[in-house]
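Novice: I have a structure here, written as structure tokens, and I will follow up with some questions on it.
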Amino acid sequence: MMENLITKIKKLDEQLFVLLHELGNPQYDNIWIFITNKYYWIPLYIIIFILIIKKKKSFNFHSIIYIIIFFSLLITITDQTSNAFKNIFERLRPCANEDVIRTINNISCNGYSFISGHATTSFGIAAISSLIIKNYKFSIIIFLWAFLFSYSRIYLGLHYPIDILFGGIIGCLIGCYYLKLIRYSTRNMKKNIF
């Protein structure tokens, strides 16, 4: 019975993938290739960093170093968590099945699919930065970015929707609990970092 349920979920996931992937148009491929590249988003990461510093008006050099270390660790944790899931489940990427998808030039189809590292990391960053900055408009924008960044992986044929969904959920959970851990571990500092 459980195996039958898993088979049905996989089939629905594949059908939803085909529907979303077929919304693509070759003239937009380069836009989605740009969106999926994490290095093009460095200015956004810098803006988040500046907003966090502005939120806490009493920052010093040590606080800035702590923030850089904590966010670097968050990215490492979310990335390695998604890699652990990929190695456990070993679900092939949709692009491995050329009968199902439109192939897009310059896209590498290596590795496994479940869960999306892009979704895990981007939603982890969105969750923790929203909780720190506490601004409604910022939260909408940062979660919209996480959604587009993650959806690009479906468009490019690298992930199924369920990979994105679970990656986003796990990323948010990691971001929330990681912030609690940071606050707990820095509670004895003169001024709490977050």
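Novice: For the subset of segment 65-82 comprising residues that are open to solvent by 50 Å² or more (accessible area, probe 1.4 Å) and out of contact with any helix residue (DSSP H, G or I) (no Cβ under 7 Å at 6 or more places or on another chain), which member is nearest to Ser113 (Cα to Cα)?
Specialist: Gln80
Yes or no, residue by residue, for (1) at pLDDT below 90; (2) within 16 Å of His159 (Cα to Cα); (3) touching a helix residue (DSSP H, G or I) at 6+ places or on another chain (Cβ under 9 Å); (4) assigned to a helix (DSSP H, G or I):
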residue	(1), (2), (3), (4)
Thr7	yes, no, no, yes
Leu20	yes, yes, yes, yes
Asp29	yes, yes, yes, yes
Ile35	no, yes, yes, yes
Ser63	yes, no, yes, yes
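Novice: Right, next: From the list Leu158, Leu165, exactly one residue is in contact with a Cys (Cβ under 8 Å, 6 or more places away or on another chain) and either under 30 Å from Asn25 (Cβ atoms) or at pLDDT below 95 (or both). Which is it?
Specialist: Leu158
Novice: Evaluate the following for Leu148: is it of a type outside the set (Gly, Ala, Ser), assigned to a helix (DSSP H, G or I) and either out of contact with any Phe, Trp or Tyr (no Cβ under 9 Å at 6 or more places or on another chain) or open to solvent by 10 Å² or more (accessible area, probe 1.4 Å) (or both)? Break it down into steps so the answer makes sense when it comes.
Specialist: Working: of a type outside the set (Gly, Ala, Ser): yes; assigned to a helix (DSSP H, G or I): yes; either out of contact with any Phe, Trp or Tyr (no Cβ under 9 Å at 6 or more places or on another chain) or open to solvent by 10 Å² or more (accessible area, probe 1.4 Å) (or both): yes.
Considered against the rule, which asks whether it is of a type outside the set (Gly, Ala, Ser), assigned to a helix (DSSP H, G or I) and either out of contact with any Phe, Trp or Tyr (no Cβ under 9 Å at 6 or more places or on another chain) or open to solvent by 10 Å² or more (accessible area, probe 1.4 Å) (or both), Leu148 comes out as yes.
Novice: Can you name the residue in segment 33-58 that is surrounded by 11 or more Cβ atoms within 10 Å (Cβ to Cβ) and of a type in the set (A, V, I, L, M) and, of all such residues, is farthest from His118 (Cα to Cα)?
Specialist: Filtering first and then ranking leaves Ile53.
The values are calculated or read from the model by the stated rules, or taken from the named source; none is laboratory data. Just so we're clear, the structure is a prediction, and the values are computed from it rather than from any experiment. Neighbour counts are summed over all protein chains in view; Cβ atoms, including those assigned to glycine, are modelled from backbone coordinates with ideal geometry. Surface accessibility is based on the protein's heavy atoms, side chains included, excluding ligands, DNA and RNA. Shrake-Rupley method; radii C 1.70, N 1.55, O 1.52, S 1.80 Å.
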